[in-house]
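Q: Below is the structure I would like to discuss, written out as structure tokens.
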Amino acid sequence: MSTFVLIPGAGGTAWYWSRVVPLLQEAGHHAIAVDLPGDDESAGLAEYADLVMDAVGEHEGVVLVAQSLGGFTAPLVCEKASVGELVLVNAMIPVPGETPGAWWDNTGWSAAQQTAAKAHGYSTEFDTETYFLHDVPPEIAAEGEPHQRPEANAAFESVCNFAAWPRIPTRVLSGEGDRFFPLDFQRRIARERLGIEPDVLPGGHLLALANPDGVARYLLRS
């Protein structure tokens, strides 16, 4: 039996993993989705990492899974917790000392997002329906509405203080139809910053809601 600890993206709601956690449990594993205080201006990356550490507890060799902004919390946890494998899902991949707020310009995200939008024929102007919910079933999107909360500036201003990416097995999973972090962009950042070629599944940025079966099967691969 493995223990999966799942970090959400911006907003910090554990509900994001609600379609994947039962599938991992049905396969005989322990799965913990961490709820983070995304809207709390007094909580930044260090506080997020502490909460994830609390969830890891005494578990050994956990599979740590991080979605989107959760990629900034993951290396902080890996430095302190017993992590056997790291999986980054449509994740922001930091370098030591970077802030999430600086990541956008440092990676050239805006130009990549605009180029992909023009190439694929959807709006270059961000809206939730176009960039996050375009492939999420409407009933699931409706269920998630009460769980949504804005991400406070505190996390985006926090420095990701880690020495180097851990020498543990690491996989990068990208959504083929991610409009927020386009696939070509994710591939470039994963290669440049981790030397890893991402694996690809059908689905957009909210991959665990759009394709939970695919995500669960991927996580269960050894």
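Q: Scan the stretch 108-153 for residues that are open to solvent by less than 40 Å² (accessible area, probe 1.4 Å), in a helix (DSSP H, G or I) and within 16 Å of residue 92 (Cβ to Cβ) and report the count.
A: Count: 3.
Q: Out of all the residues in the stretch 59-107, which are outside any helix (DSSP H, G or I), touching a Ser or Thr at 6+ places or on another chain (Cβ under 8 Å) and among the hydrophobic types (A, V, I, L, M, F, W, C)?
A: Correct list: 62, 63, 66, 86, 87, 88, 89, 91, 92.
Q: Which number in (1) open to solvent by less than 40 Å² (accessible area, probe 1.4 Å); (2) more than 14 Å from the chain's Cα centre (by Cα) marks the one condition that residue 63 misses?
A: With (1) open to solvent by less than 40 Å² (accessible area, probe 1.4 Å); (2) more than 14 Å from the chain's Cα centre (by Cα) applied to residue 63, the lone miss is (2).
Q: Have a look at 167, 191 and point out the one that is without any contact (Cβ under 8 Å) to a residue 40 or more places away in the chain, open to solvent by 50 Å² or more (accessible area, probe 1.4 Å) and in a helix (DSSP H, G or I).
A: Among 167, 191, only 191 is without any contact (Cβ under 8 Å) to a residue 40 or more places away in the chain, open to solvent by 50 Å² or more (accessible area, probe 1.4 Å) and in a helix (DSSP H, G or I).
Q: Do we have residue 148 as at negative phi and at pLDDT 95 or above here?
A: Values: at negative phi: yes; at pLDDT 95 or above: no.
No; evaluated as a whole, the condition is false for this residue.
Q: I'm checking my understanding of the structure. Among residues of the stretch 12-51 that are charged (D, E, K, R) and out of contact with any helix residue (DSSP H, G or I) (no Cβ under 8 Å at 6 or more places or on another chain), which one is modelled with the lowest pLDDT?
A: 39
Q: Filter the stretch 1-30 down to residues that are open to solvent by less than 10 Å² (accessible area, probe 1.4 Å) and aliphatic (A, V, I, L, M) and give me whichever is farthest from residue 66 (Cα to Cα).
A: Filtering the stretch 1-30 for residues that are open to solvent by less than 10 Å² (accessible area, probe 1.4 Å) and aliphatic (A, V, I, L, M), the one farthest from residue 66 (Cα to Cα) comes out as 24.
The values are calculated or read from the model by the stated rules, or taken from the named source; none is laboratory data. Predicted, not measured: the structure shown is a model, and the values here were computed from it. Neighbour counts are summed over all protein chains in view; Cβ atoms, including those assigned to glycine, are modelled from backbone coordinates with ideal geometry. Ligands, DNA and RNA are excluded from the accessible area calculation, which covers all protein heavy atoms including side chains. Shrake-Rupley method; radii C 1.70, N 1.55, O 1.52, S 1.80 Å.
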